[in-house]
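**Student:** Handing you a structure now.
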Amino acid sequence: MAIKETLQTTQTTQAGESAETSSAAAPEAAEITAGDNDTAQKINIEKFSPRQLMELDACTRCGECSNWCPAYDQDKREPLTPRGRAARFKDLVTRQHGVFNADSLLGRLLGKKPVSAQEMQDFAKDLYACSTCMQCHFVCPVLIDTVELWERIRECIVDGGYGPLETQKDLVLKTKNYDNPWGQPRSSRARWGKMAKKKKRIKEVPKDISKQKAEVLYYVGCTASYDNNVEEVGINTTNILDHAGIDFGILGNKEKCCGSVLLRMGDRASFERICSENIEQFNALGIKTLVTSCAGCLKTIREDYAKVGELRFDVKHTLEYIVDLIKEGKLKLINNVNLKVTYHDPCHLGRHAGCFDAPRELLSLIPGVEFIEMERNRENSRCCGAGGGLKSGYPDMQNQISQRRVADALATGATELVSACPFCYQGLQVGIQAMNAPIKMRDITELVCMALGDAPTTEEDLKE
Ligand code: SF4
Ligand code: SF4
């Protein structure tokens, strides 16, 4: 039965029932109906737009998405394919809400079985084996908005208590309790700056923008703030903004996670809380531009926040901002950077936010760089496997996916694997280490600093 029909039938039934049971304690349509121990809670189909319900029907089962899905590439089971996931979810919805559902007279006559809690749990396990890379959307001939669909389904799964997976719950809990997914104290969020100043890698710790006004907020993000392995991102960004004479500041210990983890995991209520708090805090600063070096933060703040509240400033990825500064003559790249480079498009910067040209333009502006594209680039860039909770839920799969991407990079003959996201930086390092690959992971800001000539790059480079 078509999902459109399912929805219409459900709405009709609810309307009919409400006349008879208006004073009874029947759950409202928007609530999840609790099941017994074996029967699954009902999926709240009102969370889905009519378009999304139609999209479940629109899948032609051509299988093109399966050919490109990085998760299916590692675990060749049909339920992991975007096609399989959509079909399975449609079956669950139809059995719970369709005309022949197990609670209906017709359904009972036809021997329909209710959806069991076990089935829902099994579905959740496969649902979370996805990096939300969006590759399936780009190859789908009927343009199903797959990731929006997966994230909405995850919300239903979380509402029903079937997700996220045990290994992913920690990230969500820590984000809620500590405002960062790594469970680090809020008080050490700005430590990277103090350490960098102590090591003389930056001239000054960026000013606290909540105390001294500035035009630009550098939103550092959780990974660059807390992970020593990607401290270069904060250090290089600070040096570049200083070099260009930009009036900027950071929020330091007052900075909170952008909430991307919560949204991708399906915890929309917690996401909306942190998102609203952040919007209020950002708007109160009176900034003109928010700059971030993280693809996930960019996508979340620029696109997902804008659906929740008004942002009274521009949101740019650092590399977009740097290209502007070069064009305005505020940054002059003078030193030759004689490196053979390939570029990995972060999924949330490329496919999700449409930023494909700016990184290539920036690389072309750096003197001496020999840039070689990987065979899979731009819209078809292979995912590193770190996003969407895949790394915490399925670390072995992420490791294998990352190795596939590192192999793509090695095939170009490049010695440097450049990207523009601390999360990809972490994710690709997993593959480089597992393969002991002769390629160095770099954030794009490192190359800019090398070309500026007066800023330190990585500690490793300084020793060379
Ligand atoms: S978003 Fe990426 S990992 Fe998830 S189903 Fe689509 S192609 Fe596969
Ligand atoms: S590419 Fe689109 S239409 Fe084809 S099977 Fe995948 S989701 Fe369905």
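**Student:** Taking only pairs six or more apart or across chains, which ones have beta-carbon atoms under 9 Å, a first residue in region 342-364 that is more than 23 Å from residue 413 (Cα to Cα) and assigned by TED's automatic domain parsing to the domain that holds residue 376, and a second residue that is within 16 Å of ligand 2 (Cβ to nearest atom) and aromatic (Phe, Trp, Tyr)?
**Tutor:** So the pair list comes out as 351/138.
**Student:** Would you mind finding the one in 380, 338 that is among the polar types (S, T, N, Q), out of contact with any Pro (no Cβ under 7 Å at 6 or more places or on another chain) and within 16 Å of ligand 2 (Cβ to nearest atom)? Don't jump to the end; show me each part of the working.
**Tutor:** Details: 338 fails: within 16 Å of ligand 2 (Cβ to nearest atom).
One residue alone meets the criteria, 380.
**Student:** In this structure, is residue 88 basic (Lys, Arg), within 14 Å of ligand 1 (Cβ to nearest atom) and within 23 Å of the chain's Cα centre (by Cα)? First the steps, then the outcome.
**Tutor:** Details: basic (Lys, Arg): yes; within 14 Å of ligand 1 (Cβ to nearest atom): yes; within 23 Å of the chain's Cα centre (by Cα): no.
Spelling it out, it is not the case that residue 88 is basic (Lys, Arg), within 14 Å of ligand 1 (Cβ to nearest atom) and within 23 Å of the chain's Cα centre (by Cα).
**Student:** What single numbered condition from (1) within 13 Å of ligand 1 (Cβ to nearest atom); (2) in contact (Cβ under 8 Å) with a residue 24 or more places away in the chain; (3) out of contact with any Phe, Trp or Tyr (no Cβ under 6 Å at 6 or more places or on another chain) fails to hold for residue 123?
**Tutor:** For residue 123, the exception is condition (1).
**Student:** What are the residues in region 207-235 that are charged (D, E, K, R), part of a loop (DSSP other than H, G, I, E, B) and surrounded by 15 or more Cβ atoms within 10 Å (Cβ to Cβ), if any? Give the steps one after another, and end with the answer.
**Tutor:** From region 207-235, those charged (D, E, K, R) are 207-208, 211, 213, 215, 227, 231-232; that's our starting set.
From what is left, the residues that are part of a loop (DSSP other than H, G, I, E, B) are 211, 213, 215, 227.
Within region 207-235, 215, 227 qualify.
**Student:** Does region 427-448 contain at least one residue that is of a type in the set (Ser, Thr, Tyr), over 15 Å from residue 346 (Cα atoms) and not assigned by TED's automatic domain parsing to the domain that holds residue 134? Steps first, please.
**Tutor:** Filtering region 427-448 for residues of a type in the set (Ser, Thr, Tyr) gives 445.
So of that shortlist, the ones also over 15 Å from residue 346 (Cα atoms) come out as none.
The answer is no, given that none of the residues of region 427-448 is of a type in the set (Ser, Thr, Tyr), over 15 Å from residue 346 (Cα atoms) and not assigned by TED's automatic domain parsing to the domain that holds residue 134.
**Student:** Give all pairs with beta carbons closer than 7 Å in which a residue from region 252-280 that is closer than 19 Å to residue 182 by Cβ meets a residue that is of a type in the set (D, E, K, R) and assigned to a helix (DSSP H, G or I); count only pairs at least 6 apart in sequence or on separate chains.
**Tutor:** Matching pairs, first to second residue: 253/186; 256/277; 263/151; 263/304; 264/151; 265/154; 270/176.
**Student:** Another one. Has region 207-229 got any residue that is more than 24 Å from residue 273 (Cα to Cα), free of Cβ contacts under 8 Å to residues at least 60 places away in the same chain and of a type in the set (Phe, Trp, Tyr)?
**Tutor:** No, that holds for no residue.
**Student:** Show me the helices (runs of 4 or more DSSP H) found entirely inside region 46-121 where at least 3 residues are more than 15 Å from ligand 2 (Cβ to nearest atom) and surrounded by 15 or more Cβ atoms within 10 Å (Cβ to Cβ).
**Tutor:** On the way: elements: 50-58, 64-68, 70-74, 82-97, 105-109.
Of the helices (runs of 4 or more DSSP H) lying wholly inside region 46-121, those with at least 3 residues that are more than 15 Å from ligand 2 (Cβ to nearest atom) and surrounded by 15 or more Cβ atoms within 10 Å (Cβ to Cβ) span 82-97.
**Student:** Further, regarding this structure: Report, ordered by the first and then the second residue, all pairs with beta carbons closer than 8 Å, sequence separation of six or more or different chains, a first member in region 48-76 that is within 11 Å of ligand 1 (Cβ to nearest atom), and a second member that is polar (S, T, N, Q) and not in a loop (DSSP other than H, G, I, E, B).
**Tutor:** Once the first residue is within 11 Å of ligand 1 (Cβ to nearest atom) and sits in region 48-76, its partners that are polar (S, T, N, Q) and not in a loop (DSSP other than H, G, I, E, B) give 65/135; 65/146; 68/135; 68/380; 69/135; 70/135; 72/66; 74/400.
**Student:** With the condition kept exactly as written, say whether any residue in region 125-138 is more than 16 Å from ligand 2 (Cβ to nearest atom), surrounded by fewer than 17 Cβ atoms within 10 Å (Cβ to Cβ) and either basic (Lys, Arg) or not assigned by TED's automatic domain parsing to the domain that holds residue 67 (or both).
**Tutor:** Looking for residues that are more than 16 Å from ligand 2 (Cβ to nearest atom), surrounded by fewer than 17 Cβ atoms within 10 Å (Cβ to Cβ) and either basic (Lys, Arg) or not assigned by TED's automatic domain parsing to the domain that holds residue 67 (or both), one finds at least one in region 125-138, hence yes.
**Student:** In addition: Kindly establish whether residue 143 is within 16 Å of ligand 2 (Cβ to nearest atom) and free of Cβ contacts under 8 Å to residues at least 60 places away in the same chain. Talk me through it step by step, then tell me what you get.
**Tutor:** Numbers: within 16 Å of ligand 2 (Cβ to nearest atom): yes; free of Cβ contacts under 8 Å to residues at least 60 places away in the same chain: yes.
When the stated conditions are applied, residue 143 passes them.
**Student:** So, of the residues in region 165-206 that are in contact (Cβ under 8 Å) with a residue 24 or more places away in the chain and touching a Lys or Arg at 6+ places or on another chain (Cβ under 6 Å), which turns out to be surrounded by the fewest Cβ atoms within 10 Å (Cβ to Cβ)?
**Tutor:** Restricting to residues being in contact (Cβ under 8 Å) with a residue 24 or more places away in the chain and touching a Lys or Arg at 6+ places or on another chain (Cβ under 6 Å), the top hit is 179.
The values are calculated or read from the model by the stated rules, or taken from the named source; none is laboratory data. Fair warning: this is a prediction, and the values are worked out from it, not measured in the lab. Positions of Cβ are generated from backbone atoms using ideal geometry, with glycine treated the same way; all protein chains shown enter the neighbour counts.
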